[in-house]
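Asks: Here it is, the structure in full.
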Amino acid sequence: MVAGTSIVAEGSRGRAGRLDQLWSSIADAGRDLLRRRLGPRRRAVEVLCRELLSVRGEASTLALARELVETWRAMPEAERSAFLRSLAREFGPDLEAAKAAAEAFLRAPGLRSLAELARASEAPRVELFRRMNTAPGGTRAIVELRAELLRAMADDPALAELDRDLLRLLATWFNPGFLTLTRIDWGSPAALLEKLKGYEKVHRLDSLEAFKRRLAADRRCFAFFHPVLPGEPLIFVQVALTRGLADRIGPLIDPDEPVGPAAEADTAIFYSISNCQDGLKGVTLGNFLIKLVVATIQAELPRIARFATLSPVPGFARWLAVELEAGTAPVSEAERELLRRLAEPGWQGDAELAAALEPVLTGLCAWYLIRARRNGRPIDPVARFHLGNGARLERINWLADTSRKGLAESHGLMVNYAYDPARIEQNHELYVEGELVHARAVERLLVARERLIERARLPVLATNG
């Protein structure tokens with residue numbers, strides 16, 4: 001069910017505020033108890049973590065959890081990196097205890113020994129995060145901690161196990177069943193609109209006035225919120241109500257484009273999906289968001305019969321450059337020479353050159369999306385998301401995004417992924433089995449490329465990416 005932001009967000013903020021007040025009062029009582037027992041000294045963060053894991057009282061737990069959250073937030077970057085490494089090294093699972101529990105289970109399989117094995121296999125840091133989460137602001141701090149962790153992992157792969165533990169917890173805490181879908185409009189709080197403007201990652205917003213056009217009568221915007229973070233959107237989607245499939249991004253994001261009558265639209269185009277919290281990367285939210293928005297729009301506007309995206313192809317240009325360099329791109333020598341002209345500034349404005357490049361690039365894009373795979377899945381992240389979510393690759397659009405970013409990432413190409421509510425689950429099952437569902441127009445591009453490969457006997461590694 002969708003409610004206005006002012007109702008849902010304010011209601012959630014009120015509940016969260018009362019909960020924070022309750023937790024804070026208990027934590028204050030716990031702090032006084034700890035001071036009498038341990039003194040007023042400030043503890044090193046590793047000591048603080050071990051005390052939080054060993055304490056049993058509710059008030060003491062909340063007090064220590066709040067102190068850990070405050071300590072984490074006050075740490076400079078270098079200390080944060082050291083703390084993350086400490087969590088990975090010092091608070092991992094006890095392998096000897098896990099081995100003993102596994103041997104006990106093998107000797108006497110049963111529910112009790114299985115439960116003991118599960119307990120022994122869990123890293124102490126998992127319980128540490130659970131307790132840290134009880135502090136006022138604890139959930140927000142843990143999401144921020146994981147964002148820091150993801151950045152640190154680029155230089156220290158040893159943090160991967162810590163990330164896996166944390167991701168499993170966050171996936172449970174941010175289960176879509178706990179989330180609220182909220183429609184955003186120009187009447188939403190200004191602070192929220194300003195946040196969403198900053199979070200927009202697909203098609204940047206230059207001003208709130210430009211955002212206002214994206215919230216007009218022929219547009220929709222929806223976001224997921226968590227009750228513990230009522231003022232923080234987790235992910236949001238922008239939708240254009242159109243007649244027919246949109247094949248260019250310009251008219252959808254142009255602030256001067258005339259507003260069309262929503263009642264006459266027959267298609268809903270999802271043209272921007274932005275994750276707002278870096279710390280929730282890998283937590284499945286987008287697929288539930290799309291499905292819920294489809295159901296919401298169907299209920300509001302029964303005339304809307306088609307749901308599709310207008311999506312970027314962010315890895316296409318990079319993939320093509322690598323394949324051309326390696327000599328494994330499915331192109332003829334004549335096409336290879338033609339593709340070199342993509343380096344010419346303003347090539348898209350040369351009508352003759354653009355017409356010659358269109359069949360080559362659209363065919364290569366079809367090949368990239370369907371044939372170029374890693375571990376059986378498309379190497380393109382947007383294709384993985386939508387096809388795995390049950391969409392069909394419907395159409396490849398020529399010069400759909402001629403912005404600097406669009407030309408650099410995909411040579412101006414964009415893709416329509418169609419969501420047919422009656423076939424989403426079937427398409428998802430086919431994806432799991434390795435079949436990428438695509439329309440006949442895309443199949444024709446693939447067939448033409450395969451015939452070229454066969455005629456020229458090109459050395460293409462089709463499924464390795």
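Asks: What net charge do the residues around E425 carry, taking every other residue with its C-beta under 15 Å from that of E425, with Lys and Arg at +1 and Asp and Glu at -1?
Replies: Working: positive: K291, R392, R423; negative: D420, E429, E433, E435.
So the environment of E425 carries a net charge of -1.
Asks: Let me know the charge dipole size of segment 42-173 about its Cα centre in debye, to the nearest 20, where only the beta-carbon of Lys, Arg (+1) and Asp, Glu (-1) is charged.
Replies: Working: 21 positive and 21 negative charges, 68 e Å.
About 320 debye.
Asks: If we count other beta carbons within 10 Å of each Cβ, what is the order of E79, E344, E323, fewest first?
Replies: E344, E79, E323
Asks: Check the straight Cα-Cα distances from K405 and name the lysines below 30 Å, setting aside those fewer than 8 residues away within the same chain.
Replies: K195, K197, K201, K212, K281, K291
Asks: Let me ask something else. For segment 196-324, calculate the relative contact order in percent as a whole number, restricting contacts to Cα pairs under 8 Å that are 6 or more residues apart.
Replies: Values: 183 pairs, mean separation 32.3, N = 129.
Value for segment 196-324: 25 percent.
Asks: To continue, here is another question. Taking only the alpha-carbon atoms of segment 243-305, what semi-axes of the equivalent ellipsoid follow from 5 times the gyration tensor eigenvalues under a square root, in whole Å, largest first?
Replies: On the way: eigenvalues 125, 61, 16 Å².
They are 25, 17, 9 Å, listed largest first.
Asks: Further, regarding this structure: Along each of the three principal axes of the Cα atoms of the chain, give the extent in whole Å, ordering the values from largest to smallest.
Replies: 82, 55, 45
Asks: Could you pull out the chymotrypsin sites (Phe, Trp or Tyr not before Pro) across segment 224-280 that fall in loop regions by DSSP (anything but H, G, I, E, B) with no more than 12 other Cβ atoms inside 10 Å?
Replies: Taking segment 224-280 and a limit of 12 other Cβ atoms within 10 Å, no loop chymotrypsin sites (Phe, Trp or Tyr not before Pro) are found.
Asks: Of P109, A97, L159, which is farthest along the charge dipole of segment 91-164 in the positive direction, counting Lys and Arg as +1 and Asp and Glu as -1 at C-beta?
Replies: My answer, from the dipole projection, is P109.
Asks: Given bins 10 angstrom wide, list per bin the percent of all Cα-Cα distances in segment 42-173, short to long.
Replies: 12, 39, 33, 14, 2
Asks: With Kirkwood's inverse mean 1/r over C-alpha pairs for Rh, give me the Rg to Rh ratio of segment 312-456, two decimals please. Walk me through the numbers on the way to the answer.
Replies: Working: Rg = 15.2 Å, Rh = 15.6 Å.
Dividing the radius of gyration by the Kirkwood radius yields 0.97.
Asks: From the Cα trace of segment 188-340, what convex hull volume per residue do you get, rounded to a whole Å³?
Replies: On the way: hull volume 25.3 nm³, N = 153.
Per residue, the Cα convex hull of segment 188-340 comes to 165 Å³.
Asks: Contact order normalised by length for the chain, with contacts defined as Cα pairs under 8 Å and 6 or more residues apart; what percent is it?
Replies: So the answer I get is 13 percent.
Asks: Taking neighbour Cβ counts within 10 Å as the exposure measure, how do S54, S274, S332 sort from fewest upward?
Replies: So the residues, fewest neighbours to most, are S54, S332, S274.
Asks: Sort T328, T172, T267 so that the residue with the fewest other Cβ atoms within 10 Å of its own Cβ comes first and the one with the most comes last. Mind dumping the intermediate values first?
Replies: Working: T328 15, T172 10, T267 19.
The most exposed by this proxy come first: T172, T328, T267.
Asks: What is the spread of the Cα atoms of segment 263-386 along each of their three principal axes, largest first, in whole Å?
Replies: Reported extents, whole Å, longest axis first: 53, 37, 25.
Asks: Right, here's the next one. Taking Cα centroids, how far is segment 258-306 from segment 337-354 in Å?
Replies: The two parts, judged by their Cα centres, are 35 Å apart.
Asks: Here's a follow-up. Identify, among V126, A191, A141, the residue whose Cα sits farthest towards the positive end of the charge dipole of segment 102-209, taking +1 on the Cβ of Lys and Arg and -1 on the Cβ of Asp and Glu, with the dipole about the Cα centre.
Replies: Toward the positive end, the furthest listed residue is V126.
Asks: Right, something else. Between segment 50-101 and segment 166-231, how far is it from one alpha carbon centroid to the other, in angstrom?
Replies: First find each Cα centre; the distance between them is then 32 Å.
No value in this document is a laboratory result; all are computed from the given coordinates. As the structure is a prediction and not an experimental result, all values here were calculated from the model. Cβ sites come from the backbone with ideal geometry, for glycine too, and all protein chains shown count toward neighbours.
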